[in-house]
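Colleague: Submitted below is the structure of interest, expressed as structure tokens.
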Amino acid sequence: MEKEIKDRLQRFACALINQETANILVEPQGESEGFWFGGGNVICDNDDVFWLCGRYRNHGDSRTGVGSGERGLELAIFSSVSVLGPWEKKKSFAKKELDNGNAEVVSIEGASLFIGSAGVELFLSTEKNRSYPSKVIDYQKKGTGIWDINVIASDSVVGLDSSSIYTAICSDELGSLHVKDPVAFQVPGGNNETGLLFCSHPYTWASSNTGLAVRESGQEQFKIESFNALTRGDSWDVACTRITDRLSVPPLGVFSGMPPISIYFYDGAECLRSLEESTVGVPRPRGFSCEEIGGMAVGFDELFPEIFRISSHAPMFVSPHGTGCSRYVSTLVTAEGILATWQQSQENLSQPLVGNFLPVEQIEEILS
């Protein structure tokens, strides 16, 4: 890919994920470390109502089990008549409501609302009270389980009912034991297939990878195509590469005559444990334990699922506050512009959901 195209895509992405101009959309339940809201997305339904989903997470330490805190407390859905908000809470799912008849849910993480031929679907990741495979049972911490991805379907967001929940993706493969943080999208190519990008963890939680599953038109089940749709990087993102969003680049300016191209925002981390830096070394953003920073990759739709990393040697999206954490980017394209949302560290170390709206005029100026 030509350097000019890469540079223009980076300018566009940085204007969209603007850390300085972002506004808080949804506050977490506490104003201190360990309290988050995010990990979801925003959609617009056929009645021009906007819907925002995410999960509340309260303080707790994953290294000692979810019993030590209220991690993954609640999945919430908000609505607004404007893409700019304000956002009003309309639906909520507690952990007990998301049990699907065969295992207790002990935590909730990423979710994704999707409108397709099957109506409205809510993909969500939950940790179930299940035992590890016998070969690695000794690695399982007390109070923890196995993550998989569930789905709830309805003809409307309001009609989503947890009683119809079923499993969309699970894995008991060593090296990819946990699957979570779904990102639903329409697969390019015109075959009406639904794609699901997801995060997978090995049983040691030492790294985070991006996988891809695809559901054919008219089918209910997904088929896992890959556990490495975008391989982990070589430097700042060597421990974690988790895609959280796919954004089709508007066909404006220099992109008007190009084949369709998409940006893939992802979370990266050098290590999933906090590291102390040398006082005589070059300071650089690392992220902290379970707190990632952001990068991007791109791919021509006609070559999907080939994706090429842009932020190879340094992150692109770091919060100016707190730990620097900036993650779970999600975007929504409207006629007036593009809304970007993400989870951003604050001075008090909480992580609310923040958002930035980039008008069409500004997008065209950047891409032209």
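Colleague: Scan region 115-136 for residues that are at pLDDT 90 or above, of a type in the set (A, V, I, L, M, F, W, C) and touching a Leu at 6+ places or on another chain (Cβ under 8 Å) and jot them down.
Modeller: Val120, Leu122, Phe123, Leu124
Colleague: How about region 234-345: which strands (runs of 3 or more DSSP E) wholly inside it have at least 2 residues that are in contact with a helix residue (DSSP H, G or I) (Cβ under 9 Å, 6 or more places away or on another chain) and either more than 22 Å from Pro182 (Cα to Cα) or hydrophobic (A, V, I, L, M, F, W, C) (or both)?
Modeller: Values: elements: 240-248, 261-269, 293-300, 326-333, 337-344.
Passing ranges, in order: 261-269, 293-300, 337-344.
Colleague: What pairs come up if the first residue lies in region 203-220 and is under 19 Å from Asp148 (Cβ atoms), the second is crowded, with 17+ Cβ neighbours inside 10 Å and of a type in the set (Lys, Arg), and their beta carbons are under 9 Å apart, counting only those six or more places apart or on different chains?
Modeller: Pairs found: Ser207/Arg232; Ser208/Arg232; Ser208/Arg242; Asn209/Arg232; Asn209/Arg242; Thr210/Arg232; Thr210/Arg242.
Colleague: Just for region 242-256: of the residues that are at pLDDT 95 or above and polar (S, T, N, Q), which one is nearest to the chain's Cα centre (by Cα)?
Modeller: The qualifying residue nearest to the chain's Cα centre (by Cα) is Thr244.
Colleague: Within region 284-291, identify whether any single residue is within 18 Å of the chain's Cα centre (by Cα) and more than 17 Å from Gln343 (Cα to Cα), and answer yes or no. Steps first, please.
Modeller: Taking region 284-291 as the starting set, the residues that turn out to be within 18 Å of the chain's Cα centre (by Cα) are 287-291.
So of that shortlist, the ones also more than 17 Å from Gln343 (Cα to Cα) come out as none.
No, because not a single residue in region 284-291 is within 18 Å of the chain's Cα centre (by Cα) and more than 17 Å from Gln343 (Cα to Cα).
Colleague: If the Cβ limit is 6 Å and pairs must be 6+ apart or interchain, which residue in region 239-267 that is touching a residue at least 24 places away in the same chain (Cβ under 8 Å) pairs with which residue that is in a strand (DSSP E or B) and surrounded by fewer than 17 Cβ atoms within 10 Å (Cβ to Cβ)?
Modeller: Cβ pairs passing all conditions: Pro259/Phe300; Ile261/Phe300; Ser262/Ser248.
Colleague: How do the strands (runs of 3 or more DSSP E) wholly within region 129-204 filter down when requiring 3 or more residues that are more than 18 Å from Ile115 (Cα to Cα) and not aliphatic (A, V, I, L, M): which remain? Working first, answer last.
Modeller: On the way: elements: 146-154, 166-169, 178-186, 194-201.
The strands (runs of 3 or more DSSP E) meeting that bar are 194-201.
Colleague: Follow-up. Look through region 312-334, keep the residues that are among the polar types (S, T, N, Q) and at pLDDT 95 or above, and return whichever of them is nearest to the chain's Cα centre (by Cα).
Modeller: Ser330
Colleague: Okay, moving on. Among the residues of region 126-139, what is the count of those that are farther than 16 Å from Lys180 by Cβ and either touching a residue at least 60 places away in the same chain (Cβ under 8 Å) or in contact with a strand residue (DSSP E or B) (Cβ under 6 Å, 6 or more places away or on another chain) (or both)?
Modeller: Step one: list which residues in region 126-139 are farther than 16 Å from Lys180 by Cβ, which gives 131, 133-139.
Next, only the ones that are either touching a residue at least 60 places away in the same chain (Cβ under 8 Å) or in contact with a strand residue (DSSP E or B) (Cβ under 6 Å, 6 or more places away or on another chain) (or both) stay: 136, 139.
So the count comes out to 2.
The values are calculated or read from the model by the stated rules, or taken from the named source; none is laboratory data. Small disclaimer: the values here were computed from a predicted structure and weren't measured. Methodologically, a virtual Cβ is constructed for each residue, glycine included, from the backbone with ideal geometry; neighbour enumeration extends over all protein chains shown.
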